[in-house]
Amino acid sequence: MRIFSGIRASGDKTLGNYSGGYRQYRATQEQGEGVFCIVDLHSITTAYEPEGLHEATLAGAAMLFATGIDPERSIVFAQSHVKAHAEAAWLLSAVTSFGELRRMTQFKDKSAEQEFVSAGLFTYPVLMAGDILLYQTDIVPIGDDQRQHLELTRDIAERFNSRYGTTFTVPQGVYPEEGARIKNLQEPERLMSTSAGNPQGVVRIVDEPDIIRKKFKTAVTDSEREIRHDPVAKPGISNLIEIMSVAVGKSVDAIERRYADDAGYGPFKEDVGEAIVALFDPIQDRYRALRADEGALRKLLSDGAERAREAAAPTLAAMYERMGFVRLS
Ligand code: TYM
């Protein structure tokens, strides 16, 4: 079974990325052949600094290994190192409609935040579809915010297959049961994200332990002090319960039961903070060691790119052939 997922090279990754991304990558790599991509080409679709991209790409690779991706077992690479991704995006733009792209909620949200709305931000989902389809992917571990993009990828695959003959595996999205949509601790109605929302409510994997503790201590909760999971009526506390569930690997029910007779929100928030500090502590140690050895990191990326090129080549060739391009031998 082929597993593919991508993660943007941008800023410091969050607890949300851990929950919907890294945690699932590590678990799914045990089930088959994992391919994990730092999608640096996607990172240029919103305002960015070249030095920032450079650093974020290397940091992104270090974080994948620090959270448990095994380079012996899985392929880890940067998107720009495998030209097939840019080519696939162009070819697939022939089977993606303007109307479909215009309906993407991520485009609507992100374009509203930008002063300059790039064409790349609009066609972003086509590049993403190519990432996935080039590898004959069976499953795509992602968070809930990427669901619409994955559904579009499936539509694009089916359209290509029916127009040009079966070429792609139609992939399935895999979402975590709990923690598929981690919210900002200060604004529990919005997704935790580095690009928008109150930064005090965004927990980064590389945050200092005391910063993490403080962010949880000041997390927004509601007035009724019962620790119960009810995302509509109690978004703040429900988010914290889900985060606790991610941190300790227990169900939401188990967390509710554990805190049923406890003394309210204060101690619970502290416990969640400590659980996240304990979860991220070993990851931070590994991350720092990996990031410090840039030579080793570049070597891992170079090996990964070579394996990814090999894996993507047959599908890209089939795309060109079926679409009628003249191929030179
Ligand atoms: P990105 O880099 O924004 O996020 C990486 C992964 O983290 C998940 N995630 C979350 N999960 C739960 N709660 C949150 N608050 C939260 N925030 C982020 C995302 O769902 C994602 O799984 N478009 C993608 C990158 C991409 C990709 C791909 C993914 C490009 N090509 C191919 C899968 C397959 C993105 O921007 O992810």
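Per residue of the chain, the DSSP helices (runs of n ≥ 4 H) give a summed -39500 (n - 2.57) that works out to -16500 deg cm²/dmol at 222 nm. The label point for residue 306 and the one for residue 248, both projected 7 Å from the Cα toward the Cβ, are 4.6 nm apart. Note on surface exposure: 321, 189 rank 189, 321 by accessible area, highest first, 1.4 Å probe.
Think of each Lys and Arg Cβ as +1 and each Asp and Glu Cβ as -1; about the Cα centre, that makes the dipole of the chain roughly 680 debye. Across the options 199, 251, 124, the greatest Cα extent toward the positive end of the charge dipole of the chain (unit charges at beta carbon of Lys, Arg, Asp, Glu) belongs to 124. Listed by chain and number, the aspartates and glutamates whose C-alpha is less than 16 Å from the C-alpha of residue 250, apart from same-chain residues fewer than 8 away, are 177, 178, 242, 271, 274.
The order of the peptides 35-41, 314-320, 146-152 by mean Cβ neighbours within 10 Å, most packed first, is 35-41, 146-152, 314-320. Which whole-number percentage describes the relative contact order of segment 151-278, with Cα contacts under 8 Å and a sequence gap of 6 or more? Computed value for segment 151-278: 22 percent relative contact order. For segment 199-288, the solvent-accessible area works out to 49 Å² per residue, with a probe of 1.4 Å and every protein chain left in place. Summing Cβ point charges (Lys, Arg +1; Asp, Glu -1) relative to the Cα centre of segment 199-288 gives a dipole of roughly 240 debye.
Shape summary: segment 199-288 maps onto an equivalent ellipsoid whose semi-axes, from the alpha-carbon gyration tensor, are 23, 14, 11 Å in decreasing order. Given contacts defined as C-alpha pairs under 8 Å and at least six residues apart, what's the relative contact order of the chain, whole-number percent? Result for the chain is 22 percent. Only the Cβ atoms of Lys and Arg (+1) and of Asp and Glu (-1) were treated as charged; on that basis the dipole of segment 8-57 about its Cα centre amounts to roughly 260 debye. Average 1/r across all pairs of distinct alpha carbons in the chain, invert it, and you get the Kirkwood radius: 20.8 Å.
Over segment 114-163, all Cα pairs binned in 10 Å intervals from 0 give whole-percent P(r) values of 22, 52, 22, 5, listed from short to long.
A Förster radius of 22 Å combined with the Cβ-Cβ distance from residue 299 to residue 83 puts the calculated FRET efficiency at roughly 0.60. Using a probe radius of 1.4 angstrom, the carbon and sulfur fraction of the accessible surface of the chain is 50%. In terms of packing, defined here as the mean over residues of other Cβ atoms within 10 angstrom, the peptides 100-106, 131-137 line up highest first as 131-137, 100-106. The alpha-carbon atoms of segment 92-222, seen along their principal axes, cover 56, 34, 27 angstrom, with the largest extent given first. Each peptide in 12-22, 53-63 receives the mean, over its residues, of other Cβ atoms within 10 Å, and ordering these scores from highest gives 12-22, 53-63. When the listed pairs 13/269; 110/234; 108/269 are checked against a 32 Å cut-off, the alpha-carbon distance exceeds it for 108/269.
The values are calculated or read from the model by the stated rules, or taken from the named source; none is laboratory data. Please read these numbers as outputs of a predicted model, since none were measured by experiment. Positions of Cβ are generated from backbone atoms using ideal geometry, with glycine treated the same way; all protein chains shown enter the neighbour counts. SASA here: full protein model, heavy atoms, side chains in, ligands and nucleic acids out. Shrake-Rupley method; radii C 1.70, N 1.55, O 1.52, S 1.80 Å.
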